[in-house]
1. Find the residue count for the range 283-320, including only residues that are within 19 Å of ARG373 (Cα to Cα) and not in a helix (DSSP H, G or I).
2. Check ALA343, ALA370 and return the single one that is in contact (Cβ under 8 Å) with a residue 60 or more places away in the chain, out of contact with any Ser or Thr (no Cβ under 8 Å at 6 or more places or on another chain) and not in a helix (DSSP H, G or I).
3. Taking the range 285-305, which residues are of a type outside the set (Gly, Ala, Ser) and out of contact with any helix residue (DSSP H, G or I) (no Cβ under 6 Å at 6 or more places or on another chain)?
4. Would you point out the residue of the range 161-172, among those that are assigned to a strand (DSSP E or B) and under 18 Å from the mean Cα position of the chain (by Cα), that is surrounded by the fewest Cβ atoms within 10 Å (Cβ to Cβ)?
5. Mind listing whichever residues of the range 132-160 are in a helix (DSSP H, G or I) and not small (Gly, Ala, Ser)?
6. I'd like the full set of residues that are of a type in the set (A, V, I, L, M), surrounded by fewer than 24 Cβ atoms within 10 Å (Cβ to Cβ) and under 19 Å from LEU379 (Cβ atoms), limited to the range 128-152.
7. Considering only the range 306-354, state which residues are closer than 20 Å to SER74 by Cα, open to solvent by less than 30 Å² (accessible area, probe 1.4 Å) and over 18 Å from the mean Cα position of the chain (by Cα).
8. Name the residues in the range 60-103 that are farther than 17 Å from PRO47 by Cβ, part of a loop (DSSP other than H, G, I, E, B) and either open to solvent by 50 Å² or more (accessible area, probe 1.4 Å) or out of contact with any Gly (no Cβ under 9 Å at 6 or more places or on another chain) (or both), would you?
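The values are calculated or read from the model by the stated rules, or taken from the named source; none is laboratory data. Predicted model only: the values in this text are computed from it and were never measured. Virtual Cβ from ideal backbone geometry, glycine too; neighbours counted across all protein chains shown. With ligands, DNA and RNA removed, areas are computed over all heavy atoms of the protein, side chains included. Shrake-Rupley method; radii C 1.70, N 1.55, O 1.52, S 1.80 Å.
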Amino acid sequence: MPEYGAGGLAAGGAVRRDAAATAGAAVGAEDDGSGGVIDVHHHFCAPDWRRWAERQGLVGPRSLPPWAGWDAESALAVMDRTGIAVAVLKPMLPARYESAAQLREAVAVTMEAAAGVVEAYPGRFAFHAPLFLDEEEVSSWTLRRGLDELGAVGVNVTANYRGVYLGDPSYDRIFAELDERAAIVDTHPHNLPDGPAGGRPTVAPGGPGGPPAGAAGGPGGHGAPGGPGGGRGGPVAVPGLPNFLCDFLLDTTRAAANMIRTRTLDRFPNLSVILPHGGGFLPQIATRMEAFAYAFDPPVEPAAVRDHMHRFYYDTAGPLSPAGTLLATVDPGRILFGSDWPACPASVVTDLAVPALAADPAFTPALRRAVNRENALRLMPGLVRA
């Protein structure tokens with residue numbers, strides 16, 4: 001059992017760290033929050049779900065990738081090595097479901113398991129409820145069960161469901177329910193669609209955080225082989241380039257741009273939307289989007305582009321590139337730490353991502369402290385429990 005106070009961050013705010021988490025931090029230097037990090041991007045494939053899915057014949061014992069083998073001991077070990085005090089679980093349900101009833105059962109198993117982890121390790125974990133936006137009744141039930149009863153701190157959604165992106169009016173009913181709860185909407189990319197939207201199935205394949213199309217698995221994503229693109233063999237791939245390397249970033253960018261186009265944050269002003277991986281390509285193309293805002297259909301005012309970009313939240317999972325462009329483009333109070341573990345290997349998190357963030361010249365100690373901890377606490381104050 002890791003040596004850590006039962007009250008989590010509220011019990012002192014510091015965890016044991018190795019050299020990877022102390023890169024760039026001198027003794028006696030200004031506190032940069034690296035001893036009490038809040039990780040908002042921690043993938044979670046529940047062991048209970050894996051056993052249930054095997055019994056249902058949805059997955060085989062060897063069909064899931066290594067990063068779907070989540071266990072608390074490994075999670076806590078990585079967290080303690082990197083100074084992560086609290087991790088917010090992003091549920092993964094990587095399978096094709098045969099009916100809405102089976103999907104609901106999968107979501108129920110996953111959320112009960114996540115709530116059990118939170119209870120078993122007080123102060124160390126929180127969780128998001130997984131939504132399947134193209135399955136309205138299951139999503140509405142998930143909100144009631146996850147947010148209202150089990151204590152989820154937000155919901156996890158995918159950038160697109162069979163080619164229909166976040167911001168589409170077909171999701172308005174669920175977004176209205178989320179807005180009523182002032183919910184946190186945590187997003188994640190997946191495969192790019194393979195053609196115009198249409199012919200969506202009753203039940204979406206997979207779930208938030210599932211494996212990519214045409215593969216046994218890959219970092220992050222949503223869905224099982226076939227992916228949300230569906231039909232005609234799935235999205236076009238570039239040989240030798242895994243989808244998470246480039247396509248995931250574009251998928252997030254498309255979702256953000258579509259939410260800007262449909263003025264999602266104006267229509268649902270109580271939502272807090274988190275974009276992963278530094279917002280994909282969004283910060284890099286901000287000026288381009290403003291300059292060509294008239295090309296949206298319907299046209300968008302340039303000021304609306306900038307306004308939405310300052311209202312989104314952005315996590316650092318990836319690992320994050322040098323942050324100068326991000327900080328020059330978005331509100332620094334809305335940047336959150338994300339590890340992407342276990343989709344991102346522990347060695348990448350401990351030896352590359354965390355040290356790079358600590359050494360990034362764009363961040364002052366005060367900014368690092370905000371990214372590591374304070375911004376997340378303002379967004380999710382319930383993470384600190386006495």
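1. Counting residues in the range 283-320 that are within 19 Å of ARG373 (Cα to Cα) and not in a helix (DSSP H, G or I) gives 9.
2. On the way: ALA370 fails: not in a helix (DSSP H, G or I).
The conditions single out ALA343.
3. At the first step, the residues of the range 285-305 found to be of a type outside the set (Gly, Ala, Ser) are 285, 287-290, 292, 294, 296-302, 305.
Scanning the range 285-305 gives ILE285, THR287, ARG288, PHE292, TYR294, ASP297, PRO298, PRO299, GLU301.
4. The initial filter retains those residues of the range 161-172 that are assigned to a strand (DSSP E or B), namely 161, 164-165.
Narrowing further to those that are under 18 Å from the mean Cα position of the chain (by Cα): 161, 165.
Numbers: TYR161: 29, TYR165: 21.
Applying the filter and picking the extreme gives TYR165.
5. Our first condition is that a residue be in a helix (DSSP H, G or I); within the range 132-160, this holds for 136-149.
GLU136, GLU137, VAL138, TRP141, THR142, LEU143, ARG144, ARG145, LEU147, ASP148, GLU149 - these are the residues of the range 132-160 that are in a helix (DSSP H, G or I) and not small (Gly, Ala, Ser).
6. Correct list: LEU143, LEU147.
7. THR350
8. Across the range 60-103, the qualifying residues are ARG96, GLU98, SER99.
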